[in-house]
Amino acid sequence: MLVYCVDKKLNEIRMEIHKTTKKIKTEKKTTRDKKSKLKKQSRTRNTLSVLWLSVLIIYLICLLFIPKEIAYPANRNDLALLLPVVTITFWLVFGTTKSFGSTNGEALGYAIFSIGISLMLPAILHDYREEKELSLYGKVDKCIVIARKTEVEDKNAWLIKCSYAANGEEFVTYFHNEKNKKYKVGDTLEITYSKDFPNMYRINFE
């Protein structure tokens, strides 16, 4: 009887050890599976982050060295260029910062801030490119005021638009602030434009 009880107890202990061993193996396998899944997710996230960042860098380079045919469109429609720049910049920066773990609020803040930067840098390059182009290929000529208006935000600001002829074609300027407020429609003033690319110009206010 004693031997039977001891043998039964030993069997129970063996069963308990077997269950515990099986549980430990199962937990280890689950842990390994979780770690493997986390590594895959991390690699995927890192790949996406690099991809987002690469696209953003390429976009910014293209933005800085945008062709003058796009930077100086013949239709003089600022919105045609500004809207795509603002939209693409916003989503690229938002997606890039999110891929690196930023919250929605942080990513939104970075994206909004980047819009100002993306507009400011091309503007600086725009002025430099214009100065260089006109110093090399600039031609001084006459232009005629074809329209004038006051600024919407500042009624004291006087804006004029001019037309000029170059290479057998007629070109029209943007509206420019005329601080002296002395030119009216039909008046003539001096303009410098690029003989190589007449859409690039500078009105020479006296």
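What the phi angles of the range 174-190 give under the Karplus curve with 6.51, -1.76 and 1.60, with θ = phi - 60°, is a coupling list of 6, 6, 10, 6, 10, 5, 6, 6, 10, 8, 10, 4, x, 6, 10, 9, 8 Hz, glycine and proline written as x.
Counting only protein heavy atoms and a probe of 1.4 Å, the accessible surface of the range 79-206 is 60% carbon and sulfur. Accessible surface of R45, taken over heavy atoms with a 1.4 Å probe and every protein chain present, rounds to 120 Å². Both radii were evaluated on the Cα set of the range 116-206; the Rg over Rh quotient, with Rh as the Kirkwood radius, amounts to 1.00.
Per-residue packing, averaged as other Cβ atoms within 10 Å, sorts the ranges 130-137, 178-185 into the order 130-137, 178-185, beginning with the highest.
The values are calculated or read from the model by the stated rules, or taken from the named source; none is laboratory data. Bear in mind that the values here come from a model prediction, so they are computed numbers and not experimental data. Using ideal geometry, Cβ is built from the backbone for each residue, glycine included, and neighbour counts are taken over all protein chains shown. When the accessible area is computed, the model is the full protein with side chains, heavy atoms only, and any ligands, DNA or RNA have been set aside. Shrake-Rupley method; radii C 1.70, N 1.55, O 1.52, S 1.80 Å.
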